[in-house]
1. Before we move on, is residue B:264 in contact (Cβ under 8 Å) with a residue 24 or more places away in the chain, assigned to a loop (DSSP other than H, G, I, E, B) and under 19 Å from residue B:177 (Cβ atoms)?
2. Looking at region B:82-90, can you tell me whether even one residue there is farther than 14 Å from residue B:148 by Cα, more than 13 Å from every other protein chain (Cβ to nearest Cβ), surrounded by fewer than 17 Cβ atoms within 10 Å (Cβ to Cβ) and more than 28 Å from the chain's Cα centre (by Cα)?
3. For residues that are within 10 Å of another protein chain (Cβ to nearest Cβ), in a loop (DSSP other than H, G, I, E, B) and not hydrophobic (A, V, I, L, M, F, W, C), tally how many sit in region B:91-106.
4. Determine if region B:201-221 includes at least one residue that is within 25 Å of residue B:418 (Cα to Cα) and either over 35 Å from the mean Cα position of the chain (by Cα) or not charged (D, E, K, R) (or both).
5. If you check residue B:129 against the conditions, is it buried (at least 20 other Cβ atoms within 10 Å of the Cβ) and modelled with pLDDT of 80 or more?
6. What residue, among those in region B:656-690 that are in contact (Cβ under 8 Å) with a residue 40 or more places away in the chain and in a loop (DSSP other than H, G, I, E, B), is surrounded by the most Cβ atoms within 10 Å (Cβ to Cβ)?
7. Quick one: is residue B:109 within 20 Å of residue B:43 (Cα to Cα) and either modelled with pLDDT under 80 or part of a strand (DSSP E or B) (or both)?
8. Answer yes or no as to whether residue B:783 is more than 29 Å from residue B:263 (Cα to Cα) and assigned to a helix (DSSP H, G or I).
Amino acid sequence: MSVIYLLISISIIVAIGFFAAFVKAVKSGQYDDDYTPSVRMLFDDELKQEPKNTTHKKTKKQI
Amino acid sequence: MGTNTCFHCGLEIKRADEILFGDKHFCCNGCKTVFEIFSSNGLDSYYDLGSPGARPLENQNKYDFLGNEQIVARLLQFNEGSIQIVNLSIPHIHCSSCIWILENLRKLHGGISASQVNFHEKTVRITYNPEVVGLKEIVGLLCAIGYEPYISLENYDKGKTQQDRTLTYKLGVAFFCFGNIMLLSFPEYFEMKEYWLDQYRGFFRMLIFALSLPSFLYSASGYYVAAWKSLQSRMLNIEIPIALGIIIMFVRSVFDMLLDHGPGFFDSMTGLVFFMLLGKMFQTKTYRFLSFERDYKSYFPVAVTRVSNSSEESIPIHEVVTGDRLLIRNQEIIPADGILFSPTAAIDYSFVTGESVPVNKKSGDKIFAGGRLNGSLIEIEALQTVSQSYLTQLWSNAIFEKRAERKIQSITDAVSHYFTPILLLIAVSGFGFWIFVDPNTAFNVFTAVLIVACPCALALTAPFTLGNVLRLYGKSKLYLKNAAVIEQISKIDTIIFDKTGTITSGTKSNIAYEGAYLSERKQVWVKNIVRASNHPLSRLLYEHLPSGPTTAVEQFNEITGLGIEARIEGNNVRIGSAEFIGKASEKLAFQTVVYVAINGIVFGKYRFHNEYREGLSDLFATLGKKYGIKVLSGDNEGEQTLLRNMLPKGTELVFNQKPDQKLEFIKNLQSQGHCVMMIGDGLNDAGALAQSNVGIAISENVNVFSPACDGILDATQFGRLDQFLQLSKKAMWTIKMSFALSLLYNAIGLSFALSGNLLPLVAAIIMPLSTVTIVSFVTLMSNWYARKLKIADEMPKYDKYHGLPQNRKVILDTQIKV
């Protein structure tokens with residue numbers, strides 16, 4: 001019978017957990033720039049292509 | 001890329017300067033170097049991303065001041081041992097290749113450990129090890145690859161600014177509360193008599209009450225403060241009924257809950273708070289890469305080179321005192337009024353006056369701060385400190401102080417001026433009526449009136465309409481400081497234009513030849529001669545003249561301040577001022593002219609006009625019918641007749657205006673009751689822009705400097721000014737229509753409330769319903785008007801960041817290849 005107390009409490013706790021995640025995300029600056037990450041995401045594929053390039057060795061030296 | 005365009009920057013290659021490197025063609029050495037840097041570090045993919053790069057700057061000494069640790073320390077964001085972080089603003093960032101190359105800076109220099117681009121703000125945040133690489137080297141590297149950072153006095157003074165995220169938090173809290181309360185209220189909306197719901201009612205209500213507290217106490221707090229402030233200043237703001245509504249709603253709900261009358265209005269209250277914060281959020285769209293608060297500080301350099309006893313040192317420009325000898329290099333800004341010591345100098349005042357043709361100065365001439373040096377290095381002696389200079393003095397005018405706190409009564413405030421008293425009257429008379437019928441209902445009616453009439457929809461109308469129009473303007477490249485400016489635009493009756501750089505184009509000069517016939521062969525002679533000269537007028541003339549075969553020029557002699565003498569194909573050619581070619585100076589000398597003499601015979605002169613912007617006469621003709629139009633110019637009357645022909649009759653032309661006179665002129669008009677819009681461009685208009693009701697700065701490139709203003713208009717959109725003005729009027733009309741609609745809702749709600757049967761469910765339906773209809777109504781209306789006025793409809797959907805769709809496509813193509 002008291003299971004409803006338990007369930008509602010759990011659901012509220014889960015909701016609070018999501019809310020905390022949101023606050024954390026805002027604090028970390030995730031919403032300050034909503035454009036660049038979308039482009040950056042696509043670049044990772046570009047970089048992987050590089051080892052095939054002839055200039056590979058040089059790149060490594062620089063790092 | 002074609003063979004005629006540079007592989008790196010994509011610009012057309014002038015045949016004489018072409019550089020071949022491998023199988024690639026470059027327009028200049030700089031571009032070739034960038035390519036070399038990129039390719040030797042494995043960053044060739046830059047060129048696969050499609051968009052052309054920027055031509056690098058040749059002037060490396062410009063950032064010598066970054067060797068000064070004191071100055072560097074002020075610019076850094078983080079400075080701890082072997083880690084330094086700097087946030088540099090790079091106006092050139094415009095496409096995905098820019099992001100890519102800047103985020104791979106660490107491949108170009110080992111000392112850089114990370115770099116992160118913020119595209120909207122056009123900044124890059126670089127983390128580096130100061131023991132390996134200095135900021136000066138990094139900036140040098142950025143310049144070398146064509147991404148010159150914009151370091152100004154502003155960065156120096158600003159320090160670290162933290163972004164204000166309060167509204168986001170408040171909105172998050174409001175949504176959290178609203179959503180959960182909505183869910184927990186569902187049982188109450190439907191059947192109340194069921195056994196197990198009855199059983200847990202208390203628990204549910206307690207939870208709802210607890211959840212409503214953060215929304216009531218935190219999210220809505222801004223409204224209480226605003227209401228309290230407006231009460232103190234005896235203004236009946238829209239915030240008063242809102243705050244009153246929220247508080248009454250909360251108090252009555254608590255009573256209802258405690259006395260077990262019903263579930264209360266917690267759901268409506270949190271919903272209302274959420275929707276209103278959403279409206280606020282929508283209205284605060286800002287163009288973060290633009291700054292509307294710039295003064296001379298963001299334009300002036302951080303440091304300048306001082307010469308003393310033949311030693312040079314970089315000093316912060318605050319430390320410049322009268323009598324200091326300053327060294328100014330090519331493309332540097334002159335920070336303080338001074339006297340020229342070097343023989344000659346060409347100074348470009350385009351940022352100050354909008355005049356595109358540089359001014360020539362001779363040794364001993366006074367030079368005003370704000371000009372940019374064009375040509376080789378000069379030495380000046382400072383006559384004034386930086387803040388006391390002719391131009392910068394303007395900022396000591398009180399208007400720059402006043403502007404920040406100027407409060408404009410908005411249309412919403414005007415309506416609520418009537419709304420609030422009427423609302424209170426209805427509430428009290430409802431209470432007065434019911435108290436004789438049923439005292440219990442009387443309290444209910446009183447609170448219900450205040451709850452249902454809480455002007456949620458009314459308060460949302462303006463933010464959503466203006467916020468939407470702000471976006472529409474932004475798509476058409478008119479960037480406004482905030483939504484309130486739109487309301488101001490709709491009210492103006494007088495438009496004042498600056499001349500140079502505003503109605504004339506800052507970049508183009510129109511050259512006309514007058515005099516005896518000059519054969520094409522002779523024109524080519526002139527072209528060949530001016531080619532060797534670096535004088536700004538020579539450059540303009542070179543661009544203008546028809547191209548022909550290159551002929552050897554002999555005995556080339558450039559006499560600074562006068563002209564050029566040379567022999568070509570055995571003929572003596574002199575190009576220059578009237579005195580130089582032996583002609584009496586004409587009295588109409590209000591214009592810039594260059595004379596040409598061949599073998600001692602004066603052939604004629606090239607006259608340099610400012611080019612007027614396209615569609616200017618049409619625009620003035622249309623605007624002239626509706627607004628008072630005036631032209632204010634800092635120039636002399638040189639082009640008065642030309643202007644008169646172009647402008648509608650009755651246009652007032654005022655010449656020879658100093659920056660502060662422009663300001664006074666507008667003040668004068670305002671005291672006659674006019675609502676003035678000032679359209680200007682340069683620093684010398686800054687005072688007028690600040691004084692006017694709406695100050696719009698015209699900019700050839702919105703990423704570079706523009707003075708403090710209410711809005712920045714891209715120069716290419718100048719001809720559409722009339723449409724912009726009309727849209728603002730339509731926006732206000734939309735708001736008025738929507739006010740009528742929301743008052744209708746209020747009337748319906750009030751009829752429920754006054755008859756004493758406002759159920760929480762009814763309130764929970766009416767409020768979101770009115771909000772949704774109002775928001776969609778104003779959005780649709782303003783979009784419809786914008787389409788009718790042809791604003792923001794011809795732009796492709798993704799054009800916001802020039803050329804993005806193609807780049808995306810290129811990236812996707814390479815992905816497929818992999």
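The values are calculated or read from the model by the stated rules, or taken from the named source; none is laboratory data. All of these numbers come straight from a predicted model, not from anything done at the bench. Reconstructed Cβ throughout: ideal geometry from the backbone, glycine too, with neighbour counts over all protein chains shown.
1. Yes, satisfied.
2. Checking region B:82-90: at least one residue is farther than 14 Å from residue B:148 by Cα, more than 13 Å from every other protein chain (Cβ to nearest Cβ), surrounded by fewer than 17 Cβ atoms within 10 Å (Cβ to Cβ) and more than 28 Å from the chain's Cα centre (by Cα).
3. 1
4. Yes: region B:201-221 contains one or more residues that are within 25 Å of residue B:418 (Cα to Cα) and either over 35 Å from the mean Cα position of the chain (by Cα) or not charged (D, E, K, R) (or both).
5. Taking the combined requirement at face value, the residue does not satisfy it.
6. This residue is B:681.
7. no
8. Judged against the criteria, residue B:783 is a match.
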